[in-house]
Amino acid sequence: MALRCDLIIRDATLIDGTGAPRRRGDIGVKGDRIAAIGDLSGMSADREVMAEGHVVAPGFIDAHTHDDQAVLCGPACMLCKTSQGVTTVVVGNCGISLSPVPMAERPPAPLDSVAELSFWNFDSFAAYAERLRTEPSAVNTLALIGHMSLRVGAMGRELDRPATDKEAERMRKQLAQSLAEGAAGLSTGLFYPPSKHAPTDEVIAVAEALREHKGLYVTHMRDEADHVLDSIEETLKIGEAVGAPVIISHHKCAQPENHGRSVQTLPLIEEYAAKYPVAFDMYPYTASSTSLAARKPRPDVPVTVATSVPHPEMAGRELKDIAAEWGVGLEEAAQRLLPAGAVFHNMSEEDVRRIMSHRLSMIGSDGGPLAKHPHPRLWGTFPRVLGLYSRELGLFDLETAVHKMTGRTAQVFGIEDRGVLKEGAFADLVLFDAGTVRDRATFTEPKQPADGIVETWVNGQSVYTHAAGASDTPAGRLLQRAA
Ligand code: ZN
Ligand code: CU
């Protein structure tokens, strides 16, 4: 008797995530897995989708997110991701994670940017994981533990100094426990005011827990501007000291005086990569987004306010216009808006393209789902790489673009049986029109679903269609890194 599937997508252009050339065929899904690939004309299914030559690829893996709260808010909350074809998100980046440290009051910036106070109630990674299991999201989640969160647990509010040996030991133990409970690694945000006081040795002492549990070391580096090369050296030093694979977050060369320096950073990363597992993620925009307090405003870097606690009405406006309206300087205006998030137009297009097309890159959105007026990367990252950078600008072929969002990412993070189309793999899939896929989110209208993403499936279940939007199917799972 012929195998009967739950779903068959027929006559698709299959791009398998490995970087291999596309081929035409059908793909069959049974339960949560891919059951068959090829000519499935002899098979039938409960639901048949005619792809008419549109692309079927593995669902995209968002290598860098701050969706720690968003994945707890119900499946529909992830529309910003499922509408891009994203089926897995990596949370806990930039030193910030919602566990294992509960907060009784609003945590210090930038911790406060990933979750509202009522969500800071997980006293262990196990508790966070349990919540994800009982109230699943639409997408799969892989989680990192943030150094900044651990610091608040060990040092309270006294963060403007290095940790004592005892405090570092406490963080190491908490990290070890979280890794044992299923977290995938440690992230740091050494750029940020509370964590920049942590010397390299403190990070190494905490990260020591990664050795035994084979966790990843992921970092928003201390400096992505004038001292970016030193920061790459520091990152590799930390990774090597504890034997952990290294991921450099949202690699960039920030501020006008550093534009063009990716010709230095990429060869340095490559040199290390020849002897050590190193990767980096990046987003396809020339503007960054972070806490407004993180960078001193300057006239040659335009700033857009993303969110402001005392002045929510200023979200979406230019800092220089607000300053002019208030009759104050840029710095004073920024002060008055805090706590606030902002978009900084501080990168060069040439660097963005050079970094994106590098063979070690992965795509990660770094979007801020809580921002009132978010950076458009939250809704646009993946379709923008496919539409603008691959199809229109020809930076690389579609197979390479898909690889940077799927197979490569799964391999770097140790996500098994995802990120590739093969029989037996999980059925995380996206169906898209290669001729029309493109981002619609802009800096002025950032909350816009993409064009050309036809349907997205997570673990065999449909979570998004272009026609109907988000489903409320809680199809996502907590993933564990296979080291
Ligand atoms: Zn970051
Ligand atoms: Cu980030």
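The values are calculated or read from the model by the stated rules, or taken from the named source; none is laboratory data. Model, not experiment: these values are computed from the prediction. In this analysis, Cβ positions are derived from the backbone assuming ideal geometry, glycine residues included, and neighbour counts consider all displayed protein chains. Please note that ligands, DNA and RNA were not included when accessible areas were found on the heavy atoms of the full protein model with its side chains. Shrake-Rupley method; radii C 1.70, N 1.55, O 1.52, S 1.80 Å.
Across the stretch 95-110, which residue is nearest to the chain's Cα centre (by Cα) among those that are more than 16 Å from ligand 2 (Cβ to nearest atom) and under 18 Å from ALA129 (Cβ atoms)?
Selected residue: SER99.
Given the structure, is SER149 in contact with a Gly (Cβ under 8 Å, 6 or more places away or on another chain) and within 16 Å of ligand 2 (Cβ to nearest atom)?
yes
Quick check, is ARG211 open to solvent by 10 Å² or more (accessible area, probe 1.4 Å), without any contact (Cβ under 8 Å) to a residue 24 or more places away in the chain and more than 16 Å from ligand 2 (Cβ to nearest atom)?
no
So LEU144 ticks every box in (1) over 23 Å from the mean Cα position of the chain (by Cα); (2) open to solvent by less than 30 Å² (accessible area, probe 1.4 Å) but one. Which box is left unticked?
Just one mismatch for LEU144, condition (1).
Tell me yes or no: at least one residue of the stretch 376-394 is crowded, with 21+ Cβ neighbours inside 10 Å, modelled with pLDDT under 95, within 16 Å of ligand 2 (Cβ to nearest atom) and of a type outside the set (Asp, Glu).
Start the filter on the stretch 376-394 by keeping residues that are crowded, with 21+ Cβ neighbours inside 10 Å, which leaves 376-387, 390.
If we keep only those that are modelled with pLDDT under 95 as well, we get none.
The answer is no; no qualifying residue exists.
Any idea how many residues of the stretch 79-94 are under 13 Å from the mean Cα position of the chain (by Cα) and either aliphatic (A, V, I, L, M) or within 16 Å of ligand 2 (Cβ to nearest atom) (or both)?
The qualifying residues number 9.
Is it the case that the stretch 5-16 has a residue that's touching a residue at least 40 places away in the same chain (Cβ under 8 Å), loosely packed, with under 15 Cβ neighbours inside 10 Å and within 25 Å of GLN411 (Cα to Cα)?
no
Every residue in the stretch 337-371 that is out of contact with any strand residue (DSSP E or B) (no Cβ under 9 Å at 6 or more places or on another chain) and either open to solvent by 60 Å² or more (accessible area, probe 1.4 Å) or small (Gly, Ala, Ser) (or both), please.
Residues satisfying the conditions are SER348, GLU349, GLU350, ARG353, ARG354, SER357, ARG359.
Can you work out which of the residues in the stretch 240-261 that are open to solvent by less than 10 Å² (accessible area, probe 1.4 Å) and in a helix (DSSP H, G or I) is nearest to ligand 2 (Cβ to nearest atom)?
ASN258
Answer with yes or no whether ILE363 is of a type in the set (A, V, I, L, M) and within 16 Å of ligand 1 (Cβ to nearest atom).
Details: of a type in the set (A, V, I, L, M): yes; within 16 Å of ligand 1 (Cβ to nearest atom): yes.
So ILE363 fits the description; yes.
State yes or no: is ARG172 modelled with pLDDT of 95 or more and touching a strand residue (DSSP E or B) at 6+ places or on another chain (Cβ under 8 Å)?
no
Results for (1) more than 15 Å from ligand 1 (Cβ to nearest atom); (2) buried (at least 22 other Cβ atoms within 10 Å of the Cβ); (3) assigned to a loop (DSSP other than H, G, I, E, B), shown as yes or no for each residue.
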{"residue": "LYS196", "(1), (2), (3)": "no, no, yes"}
{"residue": "THR219", "(1), (2), (3)": "no, yes, no"}
{"residue": "ASP226", "(1), (2), (3)": "yes, no, yes"}
{"residue": "GLU234", "(1), (2), (3)": "yes, no, no"}
{"residue": "ILE238", "(1), (2), (3)": "yes, yes, no"}
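Taking THR290 as meeting all but one of (1) modelled with pLDDT of 95 or more; (2) farther than 21 Å from PHE413 by Cβ; (3) open to solvent by 20 Å² or more (accessible area, probe 1.4 Å), write down the number of the exception.
Evaluating THR290 over (1) modelled with pLDDT of 95 or more; (2) farther than 21 Å from PHE413 by Cβ; (3) open to solvent by 20 Å² or more (accessible area, probe 1.4 Å) leaves (1) as the failure.
Within the set of pairs 6+ apart or on separate chains, which have a first residue in the stretch 289-304 that is over 7 Å from ALA342 (Cα atoms), a second that is within 15 Å of ligand 2 (Cβ to nearest atom) and open to solvent by 20 Å² or more (accessible area, probe 1.4 Å), and C-beta atoms under 8 Å apart?
ALA293/ALA109; ALA294/PHE191; VAL301/ARG295
Just need a number here: residues in the stretch 61-84 that are part of a loop (DSSP other than H, G, I, E, B) and in contact with a helix residue (DSSP H, G or I) (Cβ under 6 Å, 6 or more places away or on another chain). Steps first, please.
First, pick out the residues of the stretch 61-84 that are part of a loop (DSSP other than H, G, I, E, B): 63-69, 73-74, 83-84.
Checking which are in contact with a helix residue (DSSP H, G or I) (Cβ under 6 Å, 6 or more places away or on another chain) leaves us with 63, 69, 84.
Number satisfying all stated conditions: 3.
Being over 19 Å from ALA115 (Cβ atoms) and part of a loop (DSSP other than H, G, I, E, B) is the filter here, so list the residues in the stretch 365-380 that pass it.
Answer for the stretch 365-380, where residues must be over 19 Å from ALA115 (Cβ atoms) and part of a loop (DSSP other than H, G, I, E, B): just PRO376.
Among the residues of the stretch 435-448, which ones are in a loop (DSSP other than H, G, I, E, B) and surrounded by fewer than 19 Cβ atoms within 10 Å (Cβ to Cβ)? Spell out the reasoning first.
From the stretch 435-448, those in a loop (DSSP other than H, G, I, E, B) are 435-437, 439-448; that's our starting set.
Listed by number, the residues that qualify are GLY435, THR436, THR442, PHE443, THR444, GLU445, LYS447, GLN448.
Table: residues versus (1) touching a residue at least 24 places away in the same chain (Cβ under 8 Å); (2) open to solvent by 30 Å² or more (accessible area, probe 1.4 Å).
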{"position": "LYS422", "(1), (2)": "yes, yes"}
{"position": "ASP433", "(1), (2)": "yes, yes"}
{"position": "ALA450", "(1), (2)": "yes, no"}
{"position": "THR456", "(1), (2)": "yes, no"}
{"position": "ASN459", "(1), (2)": "yes, no"}
{"position": "SER462", "(1), (2)": "no, yes"}
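Can you find a residue in the stretch 392-407 that is in a loop (DSSP other than H, G, I, E, B), farther than 30 Å from LEU268 by Cβ and over 20 Å from the mean Cα position of the chain (by Cα)?
no
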